[in-house]
Amino acid sequence: MMLAREGAPLAEWVADLIRRICAGPENALGGAFDEPAWGTPLVGFARGDDPLFVAYKEHVGPEHWTPAEIYALTYPDAPAEPAELSVVSWVLPQTGATKADNRREALYLAERWARSRVFGEIFNEGLRRQVAEALTARGYRAVAPAISPLFKTVDSERFVFSSTWSERHAAYACGLGTFGLSDGLITPVGKAMRVGSVVVRAELPPSPRPYTDHHAYCLFYAKGTCGECIKRCPVGAITEAGHDKRLCRVHLDRTRPHVRDVYGFAGYGCGLCQAGVPCESGIPEGLQGS
Ligand code: SF4
Ligand code: SF4
């Protein structure tokens, strides 16, 4: 296995690969919507030995993998030192039409949002797979932790639900955004998005992380204002104390019959707290560069 010394050119190559896949026909809402599921992606990078990944065992859950752990589980014949690894993370923004539709909803998600949740996420799984395979074929072994057969979610007293890999925390480490009151990641293209990532045995230059506070882009935490996501939640799952994952999960389950009976496919979702709020499509006014 060749160790990466290509650095910046390899990072640009993988970012371009992600953009090209997103510009292709697989990025589609489907059904009556002849349009992409996602807008132009953002891409960021973090070092495999970034101390944040060890800290996530405390903040996300003890079972959360470091990059070196999932790499060693995937390639037990040739485990890597943390410093030999990098994390590549991307943000897939909801389109303007999808956000506009969900803004109008007050109880159940709009069909476009349901389609991006189901078919857009199937695309995102394929994107993870294609990026990992392309890097490996180029000589840099890679793994997409969230679609690893070893990935699992865990019920936890302290964290309610946690998992062995959090895409949002990977994106935070890669400089792509900070958390809001509703738990969503507020990125430069907003909170209405989904994320994906791979771990690769290559030394890629880390992206700047223009924040030190993990809530820097949320108006509630930064300025004591807003709270618009509290009003958007139809089931009271967001309060000034934060996001109640259990209440949210109950509502998500309730959306299944709606998606099946009204939109005609198997799925679920919500995202009402991600649309029609000041952090929907960008970092709120006054918090850029904080
Ligand atoms: S809607 Fe307001 S309070 Fe809620 S996450 Fe966004 S900025 Fe924070
Ligand atoms: S996803 Fe829906 S149910 Fe969950 S917190 Fe947001 S608005 Fe509430």
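The values are calculated or read from the model by the stated rules, or taken from the named source; none is laboratory data. This structure is a prediction, so every number in the text was calculated from the model and none was measured. Ideal geometry is used to build each Cβ from the backbone, glycine not excepted, and the neighbour counts take in all protein chains shown.
So for region 170-177 (the condition being more than 30 Å from ALA78 (Cβ to Cβ), buried (at least 20 other Cβ atoms within 10 Å of the Cβ) and in contact with a Cys (Cβ under 6 Å, 6 or more places away or on another chain)), does at least one residue qualify? No: region 170-177 contains no residue that is more than 30 Å from ALA78 (Cβ to Cβ), buried (at least 20 other Cβ atoms within 10 Å of the Cβ) and in contact with a Cys (Cβ under 6 Å, 6 or more places away or on another chain). Can you find, within region 159-177, the residue that is nearest to ligand 1 (Cβ to nearest atom) among those that are in a loop (DSSP other than H, G, I, E, B) and touching a Ser or Thr at 6+ places or on another chain (Cβ under 6 Å)? My answer is GLY177. State all residues of region 185-227 that are more than 16 Å from ligand 2 (Cβ to nearest atom), surrounded by 17 or more Cβ atoms within 10 Å (Cβ to Cβ) and not in a loop (DSSP other than H, G, I, E, B); if no residue qualifies, say none. Once the filter is applied, which keeps residues that are more than 16 Å from ligand 2 (Cβ to nearest atom), surrounded by 17 or more Cβ atoms within 10 Å (Cβ to Cβ) and not in a loop (DSSP other than H, G, I, E, B), region 185-227 yields THR187, GLY196, SER197, VAL198, VAL199, VAL200, LEU219, TYR221, ALA222.
To keep it simple, each residue is scored yes or no on (1) in contact with a helix residue (DSSP H, G or I) (Cβ under 7 Å, 6 or more places away or on another chain); (2) modelled with pLDDT under 95; (3) under 21 Å from LEU92 (Cβ atoms); (4) not in a helix (DSSP H, G or I).
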{"position": "CYS229", "(1), (2), (3), (4)": "yes, no, yes, no"}
{"position": "GLY236", "(1), (2), (3), (4)": "yes, no, no, yes"}
{"position": "LEU247", "(1), (2), (3), (4)": "no, no, no, no"}
{"position": "ILE283", "(1), (2), (3), (4)": "no, no, yes, yes"}
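When region 178-205 is filtered for residues that are more than 16 Å from ligand 1 (Cβ to nearest atom) and more than 10 Å from the chain's Cα centre (by Cα), the ones remaining, listed by number, are VAL198, VAL199, VAL200, ARG201, ALA202, GLU203, LEU204, PRO205. Considered as a group, the residues in region 54-81 that are assigned to a helix (DSSP H, G or I) and touching a strand residue (DSSP E or B) at 6+ places or on another chain (Cβ under 8 Å) include one that is surrounded by the fewest Cβ atoms within 10 Å (Cβ to Cβ), and that residue is THR74.
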